[in-house]
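For reference, the structure discussed in these notes is given below.
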Amino acid sequence: MTAGYGSVCGPWPPERLIVTTTATPPGCACSVFQSKLSAFSFFHAVCRSLTHYHIHAFNMPGLLLGDLFPNFEAETTSGRVKLHEFLGDSWGILFSHPRDYTPVCTTELGRVARLSGEFSKRGVKLIALSIDSLEDHWGWSKDILAYNCEKSECCKLPFPIIADSKRELAVALGMLDPDEKDKDGLPLTARCVFVIGPDKRLKLSLLYPATTGRSFDEILRVVDSLQLTAEKRVATPADWKPGECVMVPPNMPEEEAATLFPAGVFSKELPSGKKYLRYTPDPCDQGECVDTERSQTEPNSCTSLL
Ligand code: BEZ
């Protein structure tokens, strides 16, 4: 059953994911890795009938869009957390960091702390991971709050940080950056972002190397798009922001679009003569959506785009 870079042991179904690292076996870029099975569904398929299992995970398990996110259990700065219970019915974002007390990570966690109110407004629960101990996380949290010029006595960030000093979860979730190593030559965590829907399925993932900090404004923007497109049969164009016109999906017949979008469907003339570039005003900007935080700066007509 060998396929890669770590191993997972425990009873099935797993109450928690326990992972121990091993050396990468030669020739492990195997067909399993290339298959459409995610790590989790692969584990599920292999282990369902077993009471105990010990199987090897692969180098990059590659959770795929739509996969059920593993319900791992971990120690965090807010106590022991079981992911699905922590998320409840909310959206969730799990984001990883290479190491505590590092400069880029400090700016990133500071930014997330400042944006935490925006994530809460959208019903998104945040949870971070860094491959250090709880003690390091608590000490580092004070630095992050100081970086943010927090005046309060409070030394707790508005989201938990998972302690993963043995890199168990980072390995299981394919979060390591092979190009960035610590002083002992072990790989650090990459900058992963997993957006998890209320159904606990993976809705979006980003994977940045340790040397490139993320834009958390962009992550808020994608949450807006994910939440809109989960509710409405629309798609969002490049650089879209709430309140701007959205796109009618290409597979929707004209008659259906006319009924579904009473605010109008505007198509751009194209050299091909094909009418696939179809805009409609943001349906959440017309008083019918619960989320009132969406921007209202532009009059909501799409004609300026044509
Ligand atoms: C940082 O967070 O500053 C960082 C961590 C690992 C490699 C490079 C930068």
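Observations on the structure shown:
- Pairs meeting the criteria (first residue in the stretch 70-89 and surrounded by fewer than 16 Cβ atoms within 10 Å (Cβ to Cβ), second residue among the β-branched types (Val, Ile, Thr), beta carbons under 8 Å, at least 6 apart or on different chains) are lacking.
- Residue in the stretch 96-116 that is surrounded by the most Cβ atoms within 10 Å (Cβ to Cβ), counting only those that are hydrophobic (A, V, I, L, M, F, W, C) and within 13 Å of the ligand (Cβ to nearest atom): LEU109
- Of all residues in the stretch 188-232, those satisfying the criterion of being without any contact (Cβ under 8 Å) to a residue 12 or more places away in the chain and farther than 17 Å from THR106 by Cβ are ASP199, GLU218, THR229.
Listed here are the residues, each with its yes/no results for (1) among the charged types (D, E, K, R); (2) surrounded by 14 or more Cβ atoms within 10 Å (Cβ to Cβ); (3) modelled with pLDDT under 95.
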position	(1), (2), (3)
SER152	no, no, yes
ILE161	no, yes, no
LEU169	no, yes, no
MET175	no, yes, yes
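- Counting only strands (runs of 3 or more DSSP E) that sit wholly inside the stretch 185-252, those with at least 1 residues that are in contact with a strand residue (DSSP E or B) (Cβ under 8 Å, 6 or more places away or on another chain) and surrounded by fewer than 17 Cβ atoms within 10 Å (Cβ to Cβ) are 202-208.
The values are calculated or read from the model by the stated rules, or taken from the named source; none is laboratory data. Keep in mind that this is a model prediction, so the values were computed, not measured. We place every Cβ from the backbone using ideal geometry, glycine too, and count neighbours over all the protein chains shown.
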